[in-house]
1. Look through C:R311, C:R234, C:R268, C:R259 and report the one residue that is within 21 Å of the chain's Cα centre (by Cα) and closer than 25 Å to D:L84 by Cα.
2. Return a yes/no flag: does segment C:69-84 have any residue that is part of a helix (DSSP H, G or I), touching a strand residue (DSSP E or B) at 6+ places or on another chain (Cβ under 8 Å), modelled with pLDDT of 85 or more and open to solvent by 10 Å² or more (accessible area, probe 1.4 Å).
3. Being out of contact with any Cys (no Cβ under 9 Å at 6 or more places or on another chain) and either crowded, with 24+ Cβ neighbours inside 10 Å or within 14 Å of chain B (Cβ to nearest Cβ) (or both) narrows it down to one residue among A:I194, A:I103, A:I176, A:I129; which is it?
4. Does segment A:207-227 contain at least one residue that is in a loop (DSSP other than H, G, I, E, B), within 14 Å of chain C (Cβ to nearest Cβ), in contact (Cβ under 8 Å) with a residue 40 or more places away in the chain and open to solvent by 10 Å² or more (accessible area, probe 1.4 Å)?
5. Testing C:K265 on (1) in contact (Cβ under 8 Å) with a residue 24 or more places away in the chain; (2) part of a helix (DSSP H, G or I), one condition comes back false. Which one is that?
6. Just to be sure before I move on: is D:L50 open to solvent by less than 30 Å² (accessible area, probe 1.4 Å) and closer than 21 Å to C:D236 by Cα in the structure I sent?
7. Which fully enclosed helices (runs of 4 or more DSSP H) of segment B:4-117 have 3 or more residues being facing another protein chain (nearest Cβ under 7 Å)?
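The values are calculated or read from the model by the stated rules, or taken from the named source; none is laboratory data. Computed from a predicted structure; not experimentally measured. Heads up, the Cβs are rebuilt from the backbone with ideal geometry, glycines too, and the neighbour counts pull from every protein chain shown. Remember, those area values only see protein heavy atoms, side chains included, never the ligands or the DNA or RNA. Shrake-Rupley method; radii C 1.70, N 1.55, O 1.52, S 1.80 Å.
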Amino acid sequence: MELIGIFKYLYEQLVATGIPQVWVDLISLVASAVIIFGVLALIALFLVWWERKLSADFQQRMGPMLTGWHGLIQTVADAIKLIQKEDITPTKADRPVFFWAPIICFVAAFAVYVTVPFGEGLIVSDLNIGILYIVAITTFTVISLLMAGWGSNNKYALLGGMRSAAQVVSYEVPMIVAILSVIVFVGSLSMVDIVESQALIYQWYIFRMPFGPIAFVIFIIAATAETNRTPFDLPEAEQELVAGFNIEYSGMKFAMFFLAEFINMFTVSAIGATLFLGGWQGPFLPSWVWFLVKTFGLVFVFMWFRWTYPRLRVDQLMEFSWKFLLPLAFANLILAGWMKYSGWFNW
Amino acid sequence: MGIIKKVPVYAEKFPGGGIITTSLNYIFSQSQASSLWYLLFGTACCAIELMATGASRYDFDRFGMIFRASPRQSDLIIAAGTITKKMAPRLKLLHDQMAEPRYVIAMGGCTVGGGPFYYDSYAVEKGIDHIVPVDVYIPGCPPRPESLFEGCLKLQEKVKLQKIQDWS
Amino acid sequence: MTEGLRTEEFQVNMGPHHPSTHGVCRFILTMDGEVIVRAEPVIGYLHRSLEKICENRTYAQCIPVMDRFEYCTSMCCNEVFALAVEKLAGIEVPEYAEYLRVIMMELNRIASHMIWYGTTALDLGAITPFLYSFREREDILDMFEMTCGQRLTYNYIRIGGVSKDIPPEFIPKCKEFLATIDHKIDDYERMLTENPIFMVRNKGVGTLSPEMAIAYGVSGPSLRASGIKYDLRRDDPYSIYNRFKFDIPVCHNGDCYDRYIIRIKEMRESAKIVRQALEQLPNAEVNTGKMVKANFKPAKGEVYSRIENSRGEMGVYIQSTGDTKKPLRVKMRGGSYNQLQVMPELVKGVKIADVVAIMASLDIIMPEVDR
Amino acid sequence: MTFEELTTYLTEKFGDKLELLETGKFEPFFLIKKENLVEICEAVKTDDKLLIDFLCNIGAIDTGEKFEIVYNLASIKKNIRFDLKLVMEYEGAEVDSVQEVWPCSNWYEREMWELYGINIKNHDNLTRFLLPDEWDQGHPMLKNWDAPDFKRMPEVE
């Protein structure tokens, strides 16, 4: 079954009704936005459940068991509970900043998916600056965390917000440089072009020796830091900063941060799968299945990190980024450029 | 939540509108009961039992109960361990910081009524129920994890009986 | 720096309700950015006036109160009080009961170190080790439970002996536990000891020089991590510790990592002691000792008895007037009290994350401090 | 050093400044005068044969007639243990701080000041310690202390 066929059929039916083309485009855009929102909300809820189950497996526990089959609707219950919970704004908070922070975080997390190719042709809009757009939008998250930290008027929240700003800015650079080394090879910023250049398994960028694996590792490390997960979960370090930037948030606003965190994790995994693991490319199965398999595989790696490693200290984190990761990423970029130029490895 | 609280008022004006109220009631109370996030609040011996209950053999997560470090995000405060006169204002502060609906479990003899420190102690608060409203009392010094489970299940029963009209 | 840009120190209140203050310790941290300028511990949030309570209880009634003094190693608390009263009254403890005491105390030491291992990992952000160590701790608690019916506050070691004999299932269960414990500790080590992040977080952090350690009365594993080989089980032997062969692990850097290594090694040594005690356990006569009655009055006198607890020297000072059933004064001394006192010196100039690491490595728990 | 060696050594060294008590059975208990406290503490810390570097514990006792203060001392290097004891009247109870000798005495003395009302001379931080900040009911460890919500355990035979 190819999803794209269904969408094409629906689109043709819409055109056949004879309404003006502008309306057709508008309706299809809105419809795709709704579909993506729904799918991502489901994925986020699933990821929360999966994380809890996985952590339980790592720790020889059961995890959620009593709400639904093996706790499958546990996160739904959590979400409904968070909706009905009282929404507190601290008296001394900076109200507009406090109010907008979770919304920006949530919207930014979803806005990325405009240019993520879920499968062959399954993309809302194939922008020719696709990857640039993604990198730009994901940066919004840090602004929202900074806003949350500042707006809460809480010292722990402020420390958490500052930490996250410092951290995301430092790891953004090696991540982009790692992405650049792929882009240098593809010669295009479009996500579809990137995927199409890795049609066969030995063309996946992770297998392009020697620069591919290095770029991939740099990307994974930087992405872990970008999504604020262990061992780089300093902004919400429970044992130091109680809950970090979201310490004052309750109810729905907290749920927004919570879901956005998981969606961000899915985002970076999707980017990783697209850039290094061939995106939707794969035999036999439908393209979107391949995409999901690869993305969830990367998500699993992130979760694995989280339940294994302790946390770094903030200065060690910075040192690691600026003194090790960044020089490595630049060297790798030069290597990639040289390989592309010499044409030796252009299979 | 103000809006949800208004739903029964309007819905029941229509014939058969009661079904909306009851099903909303069911969904909300069930999800509240199966997702009681507890505040990481432990002072003395009971805190060790609370940790043990969260650990592998007993596993609180089965009931959907996970700990949150921030009182804003937790629904339930398990007062584990002795509350002294110095600590009592802090407990009250934490309870005030929690968002409605919020619940309190008094775990262990000390929080129920002073326990082993009822006599001859000048520093222990004799029972926490004159500081915060308590929903479930669990006696024991310290209570076994099984009795903590029993207390949490009792609390779930209580939560399931709540109606959305009652929310503040 | 731009001219006129002024930075300001600010105060952060850490605790008394904070996930990593091991109960209810409170620090008022004066910080410059993320760096600690000054730290002032504020204690007393768990001050339950145990000493006042003991003054108004008979000697036998004091033992359950001692349980609450340091609930991670309640057996040792019972022992230190019983030891003091036995010295005062000149009570002989039967050999069989002494062996049971040693077995229980060493098992309890392992259990206490397991709590420390779990919470240390938790404080550094790794969650899984916590659940691993609590899994094995449950086995130890099972053994205690089958012996005295409680999981945490045992009231097992009494004045004059132990409250009851071990059940027949105890020894096979204990042997099974001892057979696997070394592998389990290997597991723990695999998770943290060589972990690069763990090492970089702990090495060179919170270095405690031996001079400072002694001056501040730091004792137990934290003192041995600073390079001083001092263990009351060897240097001031109480009970029957002089009958067992065991090493006293010593490290020399005195940082958080050494304190970690020491405690991991101590778990193995404790297991060794339990193994020997089980072998030597006299089967001929099962005599758990004669408990004292409610109207028991030791002779006039005073004594300070001390034992090696998992957190350092645990002592109790008892003064008896000789004509009442109640002690005139019971003063308790816990290792954490002094280790918390040295904290402000250790945390000067470190990051806030290190405060958590240092506190975890010193293994401070609050009931011992506040009493 | 055994009990006897230690006793003779200390009595020879300090003469009539200290007096052996009969109540101590396992470690020697010496009664000293509070004027000599800091002097004796410094002397035992620096003495080559004693090297008392470790202060185990300081405890105040309210005997119902007067205050006693016990210093439990130990040497890690020489493995020696003995105790010093002070006796003083309730009126104007005051003692010198020994934190110059052993820094860890700071908290013990602070606790003594708070719970017994014994004034500590030359102490750098006599502030609220274990009791709540707003505490105004006096010194609770005194034998005759009482408060409205303080219940004594009934006598059971």
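1. Details: C:R311 fails: closer than 25 Å to D:L84 by Cα; C:R268 fails: closer than 25 Å to D:L84 by Cα; C:R259 fails: closer than 25 Å to D:L84 by Cα.
One residue alone meets the criteria, C:R234.
2. Within segment C:69-84, one or more residues are part of a helix (DSSP H, G or I), touching a strand residue (DSSP E or B) at 6+ places or on another chain (Cβ under 8 Å), modelled with pLDDT of 85 or more and open to solvent by 10 Å² or more (accessible area, probe 1.4 Å).
3. Details: A:I103 fails: either crowded, with 24+ Cβ neighbours inside 10 Å or within 14 Å of chain B (Cβ to nearest Cβ) (or both); A:I176 fails: either crowded, with 24+ Cβ neighbours inside 10 Å or within 14 Å of chain B (Cβ to nearest Cβ) (or both); A:I129 fails: either crowded, with 24+ Cβ neighbours inside 10 Å or within 14 Å of chain B (Cβ to nearest Cβ) (or both).
Result of the check over A:I194, A:I103, A:I176, A:I129: A:I194.
4. No; the residues of segment A:207-227 include none that is in a loop (DSSP other than H, G, I, E, B), within 14 Å of chain C (Cβ to nearest Cβ), in contact (Cβ under 8 Å) with a residue 40 or more places away in the chain and open to solvent by 10 Å² or more (accessible area, probe 1.4 Å).
5. Here C:K265 clears every test but (1).
6. Numbers: open to solvent by less than 30 Å² (accessible area, probe 1.4 Å): yes; closer than 21 Å to C:D236 by Cα: yes.
Here the answer is yes, as D:L50 does meet what is asked.
7. On the way: elements: B:18-33, B:45-54, B:88-97, B:109-113.
Result: B:18-33, B:45-54.
For every residue, the table says whether it meets (1) out of contact with any helix residue (DSSP H, G or I) (no Cβ under 7 Å at 6 or more places or on another chain); (2) open to solvent by 10 Å² or more (accessible area, probe 1.4 Å).
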{"site": "C:G322", "(1), (2)": "yes, yes"}
{"site": "C:V355", "(1), (2)": "yes, no"}
{"site": "C:M359", "(1), (2)": "no, no"}
{"site": "C:R371", "(1), (2)": "no, no"}
